[in-house]
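Before any comments, here is the structure.
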Amino acid sequence: MQFNIEEILQIAKKIESNGYRFYTAAAEANEANRDWLSKLAQEEIGHENIIDDFARSLVSPADSPDDPDNLVLLYLNSIADSLVFSASADPRTFFDQEVSIDDIIDDGLRREHEAVAYYSALQNAMQDEAAKAQVGLLINEEISHIAWLRRKQEELNNKRKARGKDRIYDLIIIGAGPGGISMAAEVIHAGMDSENILILEGAPRTSWMIHSLYHEQHRVVADYKGASPVTYGIMKMRNMTKASTLKMLADTLQEYDIKVLYDCPILSIEKKKGIFHFQGKEHSYKARFGVISIGVFNRPNHPDYPIPASLSEKIYYEISSNKIEDAGVLVVGGGDTAAEFVQSLLNSGNRVTLSCREADLSAMGDENRQAIKAAEARQPLTVFAGSDIRKIVPHSKGIQVLFHDESRSELLVDNIFYALGGNTPLQILKISGIEMKDGKPVLTKANESNITGLYLTGDLAARDEIGAISTAFNSSYAAASHLLQKYFPEIAAQQAKSRS
Ligand SMILES: Cc1cc2nc3c(=O)[nH]c(=O)nc-3n(C[C@H](O)[C@H](O)[C@H](O)COP(=O)(O)OP(=O)(O)OC[C@H]3O[C@@H](n4cnc5c(N)ncnc54)[C@H](O)[C@@H]3O)c2cc1C
C-alpha cells in the first residue's frame, strides 16, 4: 500500500488522538495515577495541534518529502502500513479487561516507541529544515513521554521493593521465566491468594532468557530436543513464535494477578527460624516457602582464552539488544543458541562465519542443523565445523581470529558473538546450602531440595534431561501439588473437591 504525504500526516494525527484516548481511559481506570496520566493525555492533544499547523505548511507539493530514490518514503510507508492496523483499533478496548498500572505503562511505552519510529522516518524524508525541526519537536516530546513513563516504572518498582521487604509472604519464587511463572500460576489457580505470593526477577522484564537468547524468528517447538509436549497442570504447550510464547507467559501473569518485582537479582537464601530470607542487592525479602527457578543461563560462559580489553565492545553474548548490520561477524558455539545467533545475524544482512568444535554440528537440534546447512548454500555464511579457536587479537581492521589448527586460515571479523551456553547458577545454590551431586541439585521427585520447603523448578529441575518449556511447566506442577498437599492441605482438599 502506498501513502501520500497527506495520508502520512493523517496517520500521525491518528497516533496522537489514540494517545489522547489511551491516556484518558487510563486515567479513568486508575485513580491512584490519575493526575499524571491526565497530564500525558493533555500533551497528546498539544501534539495533534502541532501536526495540524505542520500539515497546513506542508501540504503544498513543493514541501512534500524529497526522496529521489523513494527509499525513505518506502520505509515510511512500511512503518505506516504496520501502524495503520494498530492505529485503527480503538485504544480504549485495552481497558475492556482489568489492567494494572504496569500494563498501562507497558502499553504506553509501546505506543510512544512506535510514534518515535514513525516521526524519525518522517523527519528523514524531509528536506526542508524548518519542516525537519517541527518533526524534531514531536520526536522530543514523545521521547520525554518515554523518559517519564520509565521514571514512573522505576518509582513504582522501588516503592514495591521497599514495601515488599517489610512483610512475610507465603511463597517467594525467584525467577520469572516459564518455571517461575507456571509455579505461581499453579498455586494461585489451586486457591492460594496472589497477594501472598511474590516473584523476584533479576532482569527488567519477565522471561528474560527467552527475550535475550531466542532470535526473533525462532520457531518455539513444544517437543524441544525430544521433550514430551504433554503437560499435566494448567499451563499448556504448543508450537509458537517467540512473540506468542512471551505473550502466553505475560497473559498468565495477568490472568492470575501474579506480582513480580523487577531488577531484583537474589544473591542467597537463608532459612532462619522457619522463615526464608531472600537476600537481594538492596533488600531482603521473607517468605514461609520458596522456589528457585532461575534457569541455567545465569551468566553466559566465556571462552577459555583471554579477551583483550580493547575488543570488549565488539564482543557479545546475547542477540536481542544489539543491532549489528552489514558487518563481518563470527559466531562461536555449536548448539542451538549459536544456530539462532547465525540466523538472526544473516537476517540483518551480516556476513557470518560459524566456528564450532563439532565436525558434524551434532550439538544442534535437527531443525537448526538443517537451517544452517541450507543457509550455507545460499547466504553469506561460512561454517568452520571442527574448529577450535586459539586466541583473538586486535587488528587495525577489526578482530583477528587464530585457530589451534594452523592449516586453517586466520579470520578477520568486525564482531564476535559467543554462544557457549550458560553456567548453572551454582553459586547461589551452594551459598544457600542446597545439596549438590555431580554439579546438579539433589531433589525429591516433587523437586523439593534438602532444605524443607525450598523447591527448584524449571531447567534447574531438569536433572539429566535437556530443559524445555513443557518440562519447566511440569516441574512446577509437581512442586506446586506437593507444596499444597504437604503445607496447605486445606487448599489441596478444596481443590480436590472442586475437581470431583
Ligand atoms: C536458544 C534456545 C532456544 C530454545 N528453544 C526452545 C523451544 O523451542 N521449545 C522449548 O520448549 N524450549 C526451548 N528452549 C529451552 C527453554 O527456553 C527453557 O527450558 C526454559 O526457558 C526454562 O525455563 P526456566 O524458567 O527454568 O528458566 P529461564 O527461562 O532461564 O528463566 C529464568 C529467569 O530467572 C531470572 N533469574 C536468573 N537468575 C536470577 C536471580 N539470581 N535472581 C532473580 N532472577 C533471576 C532470569 O532473568 C530469567 O528471567 C530453548 C533454549 C534456548 C537457549
Considering the range 165-180, residues that are out of contact with any helix residue (DSSP H, G or I) (no Cβ under 6 Å at 6 or more places or on another chain) and more than 8 Å from the ligand (Cβ to nearest atom), and then whichever is nearest to LYS273 (Cα to Cα), we arrive at ILE168
Those residues of the range 377-407 which are buried (at least 17 other Cβ atoms within 10 Å of the Cβ) and either in contact with an Asp or Glu (Cβ under 6 Å, 6 or more places away or on another chain) or not polar (S, T, N, Q) (or both), in sequence order: LEU381, VAL383, PHE384, ILE389, ILE392, GLY398, ILE399, VAL401, PHE403
What is the residue count in the range 319-329 for residues that are open to solvent by 50 Å² or more (accessible area, probe 1.4 Å) and either within 16 Å of the ligand (Cβ to nearest atom) or within 29 Å of LYS486 (Cβ to Cβ) (or both)? 1
Within the range 195-215, residues being farther than 15 Å from PRO265 by Cβ and buried (at least 16 other Cβ atoms within 10 Å of the Cβ) number 8
Scan the range 86-136 for residues that are among the polar types (S, T, N, Q) and in a loop (DSSP other than H, G, I, E, B) and jot them down. GLN97, SER100, GLN127
Given the conditions (1) part of a helix (DSSP H, G or I); (2) among the hydroxyl-bearing types (Ser, Thr, Tyr); (3) within 9 Å of the ligand (Cβ to nearest atom), every one holds for THR206 apart from (1)
I need the full set of residues from the range 377-395 which are under 18 Å from LEU345 (Cβ atoms), over 28 Å from the mean Cα position of the chain (by Cα) and part of a strand (DSSP E or B), in order please. THR382, VAL383, PHE384, ALA385, ILE389, ILE392
Look through the range 186-201, keep the residues that are near the ligand (Cβ under 10 Å from one of its atoms) and not in a loop (DSSP other than H, G, I, E, B), and return whichever of them is farthest from TYR487 (Cα to Cα). LEU200
Within the range 210-244, considering residues that are assigned to a helix (DSSP H, G or I) and either at pLDDT 95 or above or at positive phi (or both), the one farthest from the chain's Cα centre (by Cα): GLY226
Residue match in the range 119-132 (condition: under 25 Å from the mean Cα position of the chain (by Cα) and assigned by TED's automatic domain parsing to the domain that holds TRP36): yes
Restrict the check to the range 139-157 and report whether at least one residue is of a type in the set (S, T, N, Q), touching a helix residue (DSSP H, G or I) at 6+ places or on another chain (Cβ under 8 Å), under 30 Å from LYS281 (Cβ atoms) and at pLDDT 80 or above. yes
Of the candidates VAL393, VAL383, the one satisfying the condition of being of a type in the set (A, V, I, L, M) and in contact with a Ser or Thr (Cβ under 8 Å, 6 or more places away or on another chain) is VAL383
Considering only the range 349-376, how many residues are buried (at least 19 other Cβ atoms within 10 Å of the Cβ) and part of a loop (DSSP other than H, G, I, E, B)? 3
Filtering the range 464-500 down to residues that are within 16 Å of the ligand (Cβ to nearest atom) and β-branched (Val, Ile, Thr), which residue is surrounded by the most Cβ atoms within 10 Å (Cβ to Cβ)? ILE469
Kindly evaluate VAL352 against the criterion of being over 24 Å from ALA468 (Cβ atoms) and modelled with pLDDT of 95 or more. yes
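Quick one: which residue in ASN415, ASN447, ASN474 is on the phi > 0 side of the Ramachandran plot, within 31 Å of the chain's Cα centre (by Cα) and of a type outside the set (Phe, Trp, Tyr)?
ASN447
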Within the set of pairs 6+ apart or on separate chains, which have a first residue in the range 270-294 that is polar (S, T, N, Q), a second that is away from the ligand (no atom under 14 Å from the Cβ) and assigned to a loop (DSSP other than H, G, I, E, B), and C-beta atoms under 7 Å apart? SER284/LYS165
Pick out, from the range 403-500, the strands (runs of 3 or more DSSP E) lying fully within it that include 2 or more residues that are assigned by TED's automatic domain parsing to the domain that holds GLY335 and either under 30 Å from ALA385 (Cβ atoms) or touching a residue at least 12 places away in the same chain (Cβ under 8 Å) (or both). 411-413, 415-418
Against the condition in a helix (DSSP H, G or I), hydrophobic (A, V, I, L, M, F, W, C), in the same structural domain as TYR487 (by TED's automatic domain parsing) and out of contact with any helix residue (DSSP H, G or I) (no Cβ under 6 Å at 6 or more places or on another chain), how does MET183 come out, does it pass? no
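Report, by residue number, each residue of the range 449-460 that is of a type in the set (Gly, Ala, Ser), more than 8 Å from the ligand (Cβ to nearest atom) and buried (at least 22 other Cβ atoms within 10 Å of the Cβ).
Residue satisfying the conditions is SER449 alone.
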Six or more apart or on different chains, Cβ under 6 Å: which pairs go from a residue in the range 200-214 that's farther than 11 Å from ALA176 by Cβ to one that's near the ligand (Cβ under 6 Å from one of its atoms)? Could you list them? LEU213/THR337
Report yes if some residue within the range 227-236 is within 23 Å of ALA480 (Cα to Cα), β-branched (Val, Ile, Thr) and within 10 Å of the ligand (Cβ to nearest atom); otherwise report no. no
Can you give me the number of residues within the range 435-445 that are more than 16 Å from the ligand (Cβ to nearest atom) and at pLDDT 95 or above? 4
In the set ILE105, ILE50, which member is at pLDDT below 85 and in contact with a Leu (Cβ under 7 Å, 6 or more places away or on another chain)? ILE50
In the range 330-345, the residues that are over 19 Å from ALA243 (Cβ atoms) and within 16 Å of the ligand (Cβ to nearest atom): VAL331, VAL332, GLY333, GLY334, GLY335, ALA338, ALA339, VAL342, LEU345
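The values are calculated or read from the model by the stated rules, or taken from the named source; none is laboratory data. Quick caveat, the model's predicted, so the values are computed rather than measured. When we count neighbours, we look across all protein chains shown, and the Cβ atoms used for this are built from the backbone with ideal geometry, even at glycine. Just the protein is used for accessible areas: all its heavy atoms, side chains included, with ligands, DNA and RNA removed. Shrake-Rupley method; radii C 1.70, N 1.55, O 1.52, S 1.80 Å.
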